[in-house]
1. Normalising by the residue count of the chain, find the relative contact order in percent from Cα pairs under 8 Å and 6+ residues apart.
2. Compute log10 of I(q)/I(0) for segment 97-154 with the Debye formula, placing one identical point scatterer on every Cα and leaving out solvent, at q = 0.14, 0.15, 0.17 Å⁻¹, to two decimals.
3. Helix-only mean residue ellipticity at 222 nm, the chain, DSSP H runs n ≥ 4 weighted -39,500 (n - 2.57), per residue, nearest 500. What is it?
4. Under 1.5 on a/c is rounded, so check that first for segment 123-263, then, if it is not, pick prolate when a/b is larger than b/c and oblate when it is not; a ≥ b ≥ c are the square roots of the alpha carbon gyration tensor eigenvalues.
5. I'm checking a number: the convex hull volume of the Cα atoms of segment 181-326, normalised per residue, in Å³. What is it?
6. Between 11, 286, 355, which gets the highest mean-square fluctuation from a Gaussian network model of the chain, Cα cutoff 10 Å?
7. Which shape class, rounded, prolate or oblate, goes with segment 1-151 when its Cα gyration tensor gives a ≥ b ≥ c as root eigenvalues, a/c under 1.5 marks rounded, and past that a/b bigger than b/c marks prolate?
8. Contour minus end-to-end for residue 59 and residue 232, with contour as 0.36 nm per residue of separation and end-to-end as the Cα-Cα distance?
Ligand code: IPM
Ligand code: MG
C-alpha cells in the first residue's frame with residue numbers, strides 16, 4: 001500500500017448519517033492509536049442522493065467507491081422514497097444494491113454474538129444464549145435480487161402480475177461456498193448451508209454445489225444442509241448448535257436479521273461485504289462495511305440510534321480492509337466494556353443516547369494500549 005487507506009463514507013438516510021458519524025469518530029481515533037493512516041471522504045447514497053441528484057447512487061459515487069480501500073455505509077431508504085417507481089433492475093431504485101453490484105461484493109459476512117452484559121436483554125434463558133457466536137455468510141450479488149426478467153405487467157383479466165427470478169450459476173455458488181468454508185476454518189469448523197432444495201431448482205443447484213466444494217476442497221470442515229424454513233426454527237431454538245450459516249441472497253438476508261435476537265437488538269449487528277474471501281493477515285480492497293439494521297425512520301433525528309452496529313462495522317474494516325485485527329479486537333473490547341458498565345441505548349432497553357454510547361467507546365478505546 002502506498003500512502004493512506006482511502007475510506008468513502010456514505011451515511012444514507014434517516015439514522016444512517018447518525019451512526020456513520022459515530023463510526024467515523026471511532027475510525028479516526030483507532031487509526032491514530034494503531035498508526036493506520038486513513039483518509040475519509042463523504043458522499044450521498046439512497047434517498048439523500050435522489051433528492052439532490054435524481055438517482056439513488058450517482059456514477060461519481062460508484063467511481064469513488066471503486067477507488068476506495070473501504071466503504072462505510074449507514075442505511076438507506078424511507079417512506080419518502082418508497083413510492084418512486086423506475087422500470088428496470090433493482091439497482092435503479094436502490095442505491096445500496098447498485099453499489100454492491102458495481103463493486104461485485106458477493107461475500108457478506110454478518111456476525112452476531114451473545115454479549116455477556118446483554119444476555120438479560122434477549123428473550124432467551126441465559127443457558128440457551130450464553131456463548132453464542134454465529135456468522136452468516138450471505139451471497140450478496142446474485143439470486144432473486146438480480147435475476148432477469150423482473151417486473152410487472154397488466155393481464156387481460158385486469159390483474160397485475162409481478163415477478164422476479166431466483167437464479168444461480170455454478171460459479172456463483174462455488175465462490176460463496178468457499179468463503180463460508182474458509183470462514184469456518186478460522187472458527188469452529190462447522191458450516192450449515194440453507195436452501196429450499198425441496199421446491200426450488202436454484203436450491204437444488206445450491207445444495208449439490210456446496211456439497212461438492214465441501215467434499216472435494218474442505219473435507220476438514222463439517223457440513224450440514226438445512227431447509228430454510230426448518231433452519232429458522234432450529235437456529236432460533238438452539239443458536240449454540242451453529243457456527244457458520246451459509247445462505248443465498250434472500251435466505252442470508254432473512255437469517256441475518258433473525259440472529260440479531262442473540263445480541264439483544266438489530267442495532268448491535270455489523271457486516272462486511274467483500275469482493276473475495278476474507279484473507280488472514282492481508283487487506284482486502286473494496287469492501288463495504290455497514291450495520292445490518294435499516295434506516296429506522298421512526299427514531300431518526302432524535303440522537304438515540306444505537307451506534308454499535310456501525311462501530312463494530314468499523315472494527316470489521318480494520319480487520320479485513322486494513323489487515324489490522326488488533327485494532328478490531330480493541331474496538332470490540334471497548335464495546336464490551338461499555339456494555340458491561342451498564343450503558344445501553346433505547347433499542348436495548350436503556351436510556352443512553354448515540355453520543356453518550358459513542359463517547360464511552362472512545363474513552364474505553366483511549367485507555368487501551370495499542
Ligand atoms: C440488508 C438490507 C438490504 C437487503 C435492503 C436495504 C436492500 O435488508 O442489507 O440486509 O435486502 O439486502
Ligand atoms: Mg436485510
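1. 21 percent
2. -0.62, -0.65, -0.70
3. The per-residue figure over the chain is -12000 deg cm²/dmol.
4. Values: a/c = 2.64, a/b = 1.48, b/c = 1.79.
It comes out oblate by the Cα gyration axes.
5. Once divided by residue count, the hull of segment 181-326 is 139 Å³.
6. 355
7. oblate
8. My answer for the length gained is 58.5 nm.
Read-outs throughout are calculated quantities, based only on the coordinates presented, and are distinct from any laboratory measurement. From a predicted model like this one, the values you see are computed outputs, not experimental measurements. Glycine also receives a Cβ, built like all others from the backbone with ideal geometry; neighbour counts cover every protein chain displayed.
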